[in-house]
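The values are calculated or read from the model by the stated rules, or taken from the named source; none is laboratory data. Note that this is a predicted model, so its numbers are computed, not measured. Note that each Cβ is placed from the backbone with ideal geometry, even for glycine, and that neighbours are counted across all protein chains shown. The area values use the complete protein model at the heavy-atom level, side chains included, leaving out ligands, DNA and RNA. Shrake-Rupley method; radii C 1.70, N 1.55, O 1.52, S 1.80 Å.
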Amino acid sequence: MHLFNRILTITMLAFLTVFSLLFVIMPDQDFSESENRMLQKMPLFSWDHLISGKFSLAAEKYVADQFPFRDSWVGIKSAAELLLQKKDNNGVYFGKEGYLLQKPEQADTDVLEENIAAINRFAETLPAQVYFLPAPSAAQILEDRLPRFAESRQQIELQQKINEQLAPYIQLIDTCKALAAHREEYIYYKTDHHWTSTGAYYAYREAGTALGYAALDLDDFTVEQVSDNFYGTLYSKSGHRFIQPDAIQLFMPKRELSCRVEYVHEKRTADSLYEREYLLKKDQYAVFLGGNHALVRIAAQNETGRKLLIIKDSYANSLVPFLANHYDEIHMIDLRHFNSALKPYIEQHGFKEILLVYNTISFAEDPSIRKIGVVSDHTVKK
């Protein structure tokens, strides 16, 4: 017994010594590709930070982020949790059929109600028709893929609260039934929280009834698979490394669609709705219009006489290429990055149709939505 304890002690000391040396020798990493986030750098010491506790918190995060072979240990931890039949990690459910699903948390009722009230006030004062498309998350539509005893009721309640409190002069576009009818198809990514191009297509088709366009049939598109190695946000967040990647498909209209895309704040233009260089990067979902930007303007040669303003989160990025077939102009504004007053912009461009597209979870959490009613640039926090 004494010999076993001695061998165990020597082994542990050797292990700690090796990893301590590796921690000192190995260079710090700036960015984690697998987690898609910046890593903590060595914190600067000061007595003020030490006394306040900020230094110790930063140092603890630094050690966790820069630990040797961190990604491998994260994967091992996730695999162990699966063996122990843990159903979630870091806010992500380990679902059936290889699905990772965003775990619904209890929404902050005050934030949700303030956001609903903000868009109600906004729509009331506009000489334009406002539509709201709340995009459901995968856990709400793919309930059969959730692990046993997983809770999806919160997202259903979110949807119900939005439906009940939305002003009658805002036209709700409910895509839940349309998506649920195609739940056996590949409508949500397995490693990412967004809907796939197929899911976005069914949302686009449902929206046509409200927005007054005749949606194109699936046969009107050529489907191009542009990636088979996409690992999305839920893969990064969950730590689950033993899972198959997603595929990304682009639905290209057979009728040629000529577009000019202006990324206003970046001061650049493109002639495609797809930024294919992102397929070589971690965030491959940014192939759709280059990800999130404060303001994007799309001019399409459709001669419909219609233009649309979209106020959105990232769910709209894969939806807009479908909508572009029915408008001469589409302007996209992301309030998380847009720091100008919205109403003067609407008046300047004479919009008569405004579409809000938000995932239900992000709509319940995003405080930037309250900027929607700002009437003057002087009141916008830069």
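What pairs come out if I take residues in the stretch 277-290 that are open to solvent by 40 Å² or more (accessible area, probe 1.4 Å) and pair them with residues that are at pLDDT 95 or above and among the β-branched types (Val, Ile, Thr) whose C-beta lies under 8 Å away, six or more apart or interchain?
If the second residue must be at pLDDT 95 or above and among the β-branched types (Val, Ile, Thr), the pairs left are Tyr278/Val287.
Could you tell me whether any residue of the stretch 247-255 is surrounded by fewer than 14 Cβ atoms within 10 Å (Cβ to Cβ), out of contact with any helix residue (DSSP H, G or I) (no Cβ under 8 Å at 6 or more places or on another chain) and closer than 20 Å to Ser197 by Cα?
no
Mind counting the residues in the stretch 303-325 that are closer than 21 Å to Asp220 by Cβ and open to solvent by 20 Å² or more (accessible area, probe 1.4 Å)?
The qualifying residues number 3.
Return the residue satisfying two criteria in turn: it lies in the stretch 264-296 and is of a type in the set (Val, Ile, Thr) and within 21 Å of Pro253 (Cβ to Cβ), and of such residues it is farthest from the chain's Cα centre (by Cα).
Among residues in the stretch 264-296 that are of a type in the set (Val, Ile, Thr) and within 21 Å of Pro253 (Cβ to Cβ), the one farthest from the chain's Cα centre (by Cα) is Thr269.
Within the stretch 43-140, which strands (runs of 3 or more DSSP E) (wholly inside it) include 1 or more residues that are within 28 Å of His240 (Cα to Cα) and at pLDDT 90 or above? Please lay out each step first, then the result.
Details: elements: 92-94, 100-102, 129-135.
Passing ranges, in order: 100-102, 129-135.
Could you list, in sequence order, the residues of the stretch 327-371 that are among the acidic types (Asp, Glu) and open to solvent by 10 Å² or more (accessible area, probe 1.4 Å)?
So in the stretch 327-371, the residues among the acidic types (Asp, Glu) come out as 328-329, 334, 347, 353, 365-366.
Result: Asp328, Glu329, Glu347, Glu353, Glu365, Asp366.
Among the residues of the stretch 126-149, is there at least one that is over 23 Å from Phe351 (Cα atoms), in contact (Cβ under 8 Å) with a residue 12 or more places away in the chain and of a type in the set (Asp, Glu)?
The answer is yes, given that some residue of the stretch 126-149 is over 23 Å from Phe351 (Cα atoms), in contact (Cβ under 8 Å) with a residue 12 or more places away in the chain and of a type in the set (Asp, Glu).
Run Ala341 past the list (1) more than 30 Å from Gly95 (Cβ to Cβ); (2) modelled with pLDDT of 95 or more and report the number of the one that doesn't hold.
Only one criterion in (1) more than 30 Å from Gly95 (Cβ to Cβ); (2) modelled with pLDDT of 95 or more is unmet by Ala341, namely (2).
Considering only the stretch 174-187, I want to know if a residue exists there that is of a type in the set (Asp, Glu) and closer than 19 Å to Thr360 by Cα. Don't jump to the end; show me each part of the working.
Step one: filter the stretch 174-187 for residues of a type in the set (Asp, Glu), giving 174, 184-185.
Then drop every residue that is not closer than 19 Å to Thr360 by Cα, which leaves 174.
Within the stretch 174-187, one or more residues are of a type in the set (Asp, Glu) and closer than 19 Å to Thr360 by Cα.
Of the residues in the stretch 153-194, how many are of a type in the set (Ser, Thr, Tyr) and open to solvent by 10 Å² or more (accessible area, probe 1.4 Å)?
Residues flagged as of a type in the set (Ser, Thr, Tyr) and open to solvent by 10 Å² or more (accessible area, probe 1.4 Å) within the stretch 153-194 amount to 2.
What single numbered condition from (1) surrounded by fewer than 20 Cβ atoms within 10 Å (Cβ to Cβ); (2) over 17 Å from the mean Cα position of the chain (by Cα) fails to hold for Ala300?
The single condition Ala300 does not satisfy is (1).
A quick yes/no check of all residues on (1) open to solvent by less than 40 Å² (accessible area, probe 1.4 Å); (2) within 20 Å of Lys281 (Cα to Cα):
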site: Ala210; (1), (2): yes, no
site: Leu218; (1), (2): no, no
site: Gly232; (1), (2): yes, yes
site: Lys267; (1), (2): no, no
